[in-house]
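These notes concern the structure reproduced below.
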């Protein structure tokens with residue numbers, strides 16, 4: 001079951017869902033459109049190591065846009081800061097984004113109850129495409145949770161992505177023990 005527009009608004013009034021900035025025009029019948037933030041990042045190394053802290057370089061998308069290239073991998077960020085305290089948020093690409101050949105996440109479309117922050121996007125493209133800060137990039141949908149949550153994501157001591165800032169965050173896989 002996915003929350004409807006009315007249920008999203010009710011949950012926002014209760015404080016269990018927070019979206020900043022919020023614009024009523026971005027609320028669909030069962031989703032909320034999010035926008036591309038002004039900062040992108042790329043990894044510094046050509047070969048990434050899952051056990052190492054792979055660093056990234058940030059840059060701002062210019063007003064005239066930025067051309068994403070195939071065979072490159074970019075980290076982006078949503079303009080919107082979100083909090084979800086009683087539902088499971090999912091971030092999916094918009095159909096208009098997909099029809100430009102833009103994938104906004106490699107695998108991480110699901111958030112956890114208690115996620116608070118801007119969403120880091122894992123962006124790749126099928127062919128060169130010019131993108132712009134502030135463009136609609138994806139949509140959030142919310143699922144109710146069956147049962148009580150013992151520990152919300154933002155309360156976990158090992159939550160690697162809690163409180164994500166309004167700039168892309170690199171992989172924290174290196175913090176895992178394996």
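Things worth noting here:
- Residue identified as surrounded by 11 or more Cβ atoms within 10 Å (Cβ to Cβ) and out of contact with any strand residue (DSSP E or B) (no Cβ under 6 Å at 6 or more places or on another chain) among 3, 69: 69
- Condition check for residue 55: more than 18 Å from the chain's Cα centre (by Cα), surrounded by fewer than 18 Cβ atoms within 10 Å (Cβ to Cβ) and either under 30 Å from residue 150 (Cβ atoms) or modelled with pLDDT of 95 or more (or both): yes
- Test for residue 2: is it in a loop (DSSP other than H, G, I, E, B), out of contact with any helix residue (DSSP H, G or I) (no Cβ under 9 Å at 6 or more places or on another chain) and either at pLDDT below 95 or closer than 25 Å to residue 152 by Cβ (or both): yes
- Matching residues in the stretch 31-59 - criterion: being in a strand (DSSP E or B) and in contact (Cβ under 8 Å) with a residue 60 or more places away in the chain: 32, 33, 34, 35, 36, 39, 40, 41, 43, 56, 58
- Matching residues, the stretch 103-122, being within 21 Å of residue 133 (Cβ to Cβ), free of Cβ contacts under 8 Å to residues at least 60 places away in the same chain and outside any loop (DSSP other than H, G, I, E, B): 103, 117, 120, 122
- Selection count, the stretch 33-44, where residues are buried (at least 21 other Cβ atoms within 10 Å of the Cβ) and either within 12 Å of the chain's Cα centre (by Cα) or under 16 Å from residue 2 (Cβ atoms) (or both): 3
- Qualifying residue in the stretch 135-150 (condition: at pLDDT 95 or above, part of a loop (DSSP other than H, G, I, E, B) and closer than 20 Å to residue 81 by Cβ): yes
- Qualifying position, being surrounded by fewer than 14 Cβ atoms within 10 Å (Cβ to Cβ) and in contact with a strand residue (DSSP E or B) (Cβ under 6 Å, 6 or more places away or on another chain), among 20, 47: 20
- Residue match in the stretch 80-102 (condition: within 19 Å of residue 173 (Cβ to Cβ) and either free of Cβ contacts under 8 Å to residues at least 60 places away in the same chain or crowded, with 17+ Cβ neighbours inside 10 Å (or both)): no
- Some residue of the stretch 92-107 being touching a helix residue (DSSP H, G or I) at 6+ places or on another chain (Cβ under 6 Å) and on the phi > 0 side of the Ramachandran plot: no
- Residue match in the stretch 161-168 (condition: at pLDDT below 85 and loosely packed, with under 15 Cβ neighbours inside 10 Å): yes
- Answer residue from the stretch 23-32, given it is surrounded by 13 or more Cβ atoms within 10 Å (Cβ to Cβ) and farther than 15 Å from residue 83 by Cβ and is nearest to the chain's Cα centre (by Cα) among those: 31
- Leading residue by the ranking (surrounded by the fewest Cβ atoms within 10 Å (Cβ to Cβ)) among those in the stretch 123-144 that are within 11 Å of the chain's Cα centre (by Cα) and more than 19 Å from residue 163 (Cβ to Cβ): 139
The values are calculated or read from the model by the stated rules, or taken from the named source; none is laboratory data. In this text, all values refer to a predicted model and were calculated from it rather than measured experimentally. Note that we place each Cβ from the backbone using ideal geometry, even for glycine, and neighbour counts take in every protein chain shown.
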